[in-house]
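The structure appears right after this line, and notes come after that.
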Amino acid sequence: MSSVCVHGLGYIGLPTAAMLANYDHDVYGYDASKEVTEQLRGGEVHLDEPGLRAFVTQALESGQLNIVEEVVEAKYHVICVPTPFDEESKEADLNYVRQAGKAVGPHLRSGDTVILESTVPPGTTFNELKPVLEESGLAAGKDFALVHCPETVLPGNIITELRQNNRIIGGVNGVSTEAAVRLYRSFVEGDIRTTEDATTAEFVKLIQNTFRDTNIALANEIAKLAADYDIDSREAIEMANTHPRVEIHQPGPGVGGHCLPIDPWFLGYGSDQLDLIETAREINDGMACHIVDILREELGTLDGRQIALLGVAYKGNVGDVRQSPALDLAAELQQAAADQSQLTADGGNQLGGDGVDIRMHDPHVDDQVLDLVGFDEAVTGADAVVITTDHDEFAELEPAPVLNSMTGDLLVDTKAILPEREWISEGFSLRRI
Ligand code: SAJ
């Protein structure tokens, strides 16, 4: 068993630290945020992820996981810091990665291994992290091992996937790769694929998420095509997927989270070959406008309407709202209603009405952070209800009480989680994506 210092205790770092600790490594969890370290010290887990609280508590109580205020010396340093994305420039902010490298430097000893797990543009480990670490006077690949091992876990299923997923490990040389393999072998049940090139490992991670994003864009385009032919896109996709070499993903309100809408852009860091990939991003980002069009078509006008958005998290059964399609939809709706008012005013009629009354509800999201309302307040008096996230709570809704609370009868089920026939026969006018 080894000593491991995990840098960054977020969605990836915290479960990784707990996993290593629960596999008997001596783990030191460090986070630059004092708030996070203090909460964890008090036994409080600040993230909404199934099973994480118990998993972290087990690691803390066994004494194998220690939350530290400073970076400590350790055989392995595992860096799991965020790489924020600038929407305007489409570039990654690598400052947290550099800062983590600077923090490791003074504690780095000959024979240690530094592993970068954060998702980064190709070349980051070699061109950005390596020079910072070498300020220690030690040489990467010679005195210490340096590796990129991308995280691949799915939010909502992190603990299982940490153990079961295959891993890609790319060191700056073979010795580096092997050093990291020894650590991951201690808890990974999946295959471990290695490359003696950290940039390849970075690239692999990005094309995995890009595959999913472009595939979803295809599904979204298929959904729009199917609507023009009056076909149920989901039935068509399900049937198409019975072919052994076809795997079309599901359409929906757009693509959220901190991975799929962002990682494809990282591929453009050292290349200008983003054609299909960029178009796919546009299609997925355009789904909010598509839903606005559906609502306008069904309601006639958005002005003065009350619309309930059920689900603000970027996907089902998680509380994460980063890049959430529902928030994009709320913004588009507001804009569309404002534009409509302006048009009416310009046309010389009485000034447009009151805008659109959007009521957002999400049982997984902290209502202090966003302006959320309870379920009843969201649907009572609504002209339309839009399901924007496939939370289990919404899949269990009964049609009659919802309809009785509403003023209108429109349901837009962007995730197709409610039984279509039942809701229609109850009196709903139902649209899906
Ligand atoms: N979505 C669709 N249609 C689908 C599948 C997903 O519209 O058929 C939407 C979801 O609703 C959500 C978004 O895509 O808004 C992303 O959700 P996701 O479940 O596909 O992925 P993430 O972002 O939660 O996690 C992804 C995963 N990557 C892959 O599956 C290739 C995960 O394994 C990665 O570890 C993670 O990105 C990451 O951190 O990079």
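Here are some residues: E87, E49, E73. Which one is modelled with pLDDT under 95 and open to solvent by 50 Å² or more (accessible area, probe 1.4 Å)?
On the way: E49 fails: open to solvent by 50 Å² or more (accessible area, probe 1.4 Å); E73 fails: modelled with pLDDT under 95.
Among E87, E49, E73, only E87 is modelled with pLDDT under 95 and open to solvent by 50 Å² or more (accessible area, probe 1.4 Å).
Among the residues of the range 278-286, is any within 13 Å of the ligand (Cβ to nearest atom) and either in the same structural domain as E151 (by TED's automatic domain parsing) or under 18 Å from V365 (Cβ atoms) (or both)? Looking through the range 278-286, none of the residues is within 13 Å of the ligand (Cβ to nearest atom) and either in the same structural domain as E151 (by TED's automatic domain parsing) or under 18 Å from V365 (Cβ atoms) (or both).
Which residue, of V78, V36, is β-branched (V, I, T), in the same structural domain as L154 (by TED's automatic domain parsing) and in contact (Cβ under 8 Å) with a residue 40 or more places away in the chain? Checking each option against the conditions leaves just V78.
Among the residues making up the range 146-188, a single one is of a type outside the set (S, T, N, Q), assigned to a helix (DSSP H, G or I), open to solvent by 40 Å² or more (accessible area, probe 1.4 Å) and within 16 Å of the ligand (Cβ to nearest atom): R163. Counting the residues of the range 64-82 that are more than 29 Å from the chain's Cα centre (by Cα) and of a type in the set (A, V, I, L, M) gives 2. Inspect the range 210-220 for any residue being touching a residue at least 60 places away in the same chain (Cβ under 8 Å), touching a helix residue (DSSP H, G or I) at 6+ places or on another chain (Cβ under 8 Å) and more than 15 Å from T279 (Cβ to Cβ) and give the result as yes or no. There is no residue in the range 210-220 that is touching a residue at least 60 places away in the same chain (Cβ under 8 Å), touching a helix residue (DSSP H, G or I) at 6+ places or on another chain (Cβ under 8 Å) and more than 15 Å from T279 (Cβ to Cβ).
Taken over the range 261-296, the criterion of being basic (K, R) and touching a residue at least 60 places away in the same chain (Cβ under 8 Å) is satisfied by R281 alone. In the range 284-295 there is no residue matching the filter, namely being of a type in the set (S, T, N, Q) and open to solvent by 20 Å² or more (accessible area, probe 1.4 Å). A single entry from T388, T380 fulfils the requirement of being polar (S, T, N, Q) and open to solvent by 50 Å² or more (accessible area, probe 1.4 Å): T380. Specify which of the listed residues (H258, H249) is assigned by TED's automatic domain parsing to the domain that holds T388, surrounded by fewer than 20 Cβ atoms within 10 Å (Cβ to Cβ), within 12 Å of the ligand (Cβ to nearest atom) and touching a residue at least 40 places away in the same chain (Cβ under 8 Å). Result of the check over H258, H249: H258.
Of all the numbered requirements in (1) of a type in the set (D, E); (2) open to solvent by 30 Å² or more (accessible area, probe 1.4 Å); (3) not in a helix (DSSP H, G or I), E278 misses one, and that requirement is (3).
The values are calculated or read from the model by the stated rules, or taken from the named source; none is laboratory data. These figures come from a predicted structure and were not determined experimentally. Neighbour counts are summed over all protein chains in view; Cβ atoms, including those assigned to glycine, are modelled from backbone coordinates with ideal geometry. To get the accessible areas, we keep the full protein, side chains included, count just its heavy atoms, and leave off ligands, DNA and RNA. Shrake-Rupley method; radii C 1.70, N 1.55, O 1.52, S 1.80 Å.
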